[in-house]
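Asker: Okay, handing you the structure first.
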Amino acid sequence: MPTQASVPPGVADVRRIQMLQAAVEVIEERGFPETRITDVAERAGVSPALVIYYFATKDNLLVEALRYAEGLWYEAGAERVAGITSARDRLASLVSLSCIPEGDGPMDSWVLWLDLWAQAVRHPAVASVRDEFDQRWRDTLAALAAEGQASGEFDGVDPEHFALVFSVLLDGLAVQIALRDATLTPEVAFELAMGFAGGQLGFSWQGAPARRPRRRSSRRP
């Protein structure tokens, strides 16, 4: 097994990312309960011992895979809204990114989150990370609501209350998206979410078409 001293920092970072990418792919394909450390190691082209060295347990691997996917999602979201001045359009862009992933590849679905939610019920450490991720999402939505109020685009509702209710709605829609519901498609989910947001925040939403996000590979997975 390699030691910290034997693995140069740059190489260590590359290997870790390779294993996280592999973990995302395998967990999305097989589900967390059916994923083995050996599966991830084979996909990443490394030894199982190296995966254990980096992540210690399968629960840790799930958590870190989610952190990796979350980081990419927020990075993609920041890039998408960087040039958008309207708070309403920034919100629509983030909701589109959340509801309407492009393609069926890694980090293009809510499947990882389904596994995280299931594990969080029984594992306090995983539950703590789930809470961290949810709070970050609510903070993002609350900040956007407050920005829209400051610019006069949105009504003066409590931003934190709106973020709490809206995040719950999006999570509920996400379950149907992940299950590939024939009626509640990603596009329908997007329109429902934006219609609700418009009603809460006081802006008009006429069913504008959602732009498909350009993704490098979710909440989001």
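Asker: Provide the FRET efficiency to the nearest 0.05 for the residue 60-residue 134 pair, computing r from the beta carbons and using R0 = 30 Å. Walk me through the numbers on the way to the answer.
Answerer: Values: r = 19 Å, r/R0 = 0.65.
Calculated value: 0.95.
Asker: Let me ask you something else. Between residue 12 and residue 178, how many nm apart are label points set 7 Å from Cα along the C-beta direction?
Answerer: So the two model labels end up 3.3 nm from each other.
Asker: Okay, next question. Once label points are set 7 Å from the Cα along Cα→Cβ at both residue 121 and residue 42, what is their separation, rounded to one decimal in nm?
Answerer: Modelled inter-label distance: 2.9 nm.
Asker: Treat the count of other C-beta atoms within 10 Å as a stand-in for reagent exposure and order 203, 55 from fewest to most.
Answerer: Result, fewest neighbours first: 203, 55.
Rule-based calculations on the coordinates, nothing more; no lab input. Predicted, not measured: the structure shown is a model, and the values here were computed from it. Neighbour counts run over all protein chains shown; Cβ positions are idealised from the backbone, glycine included.
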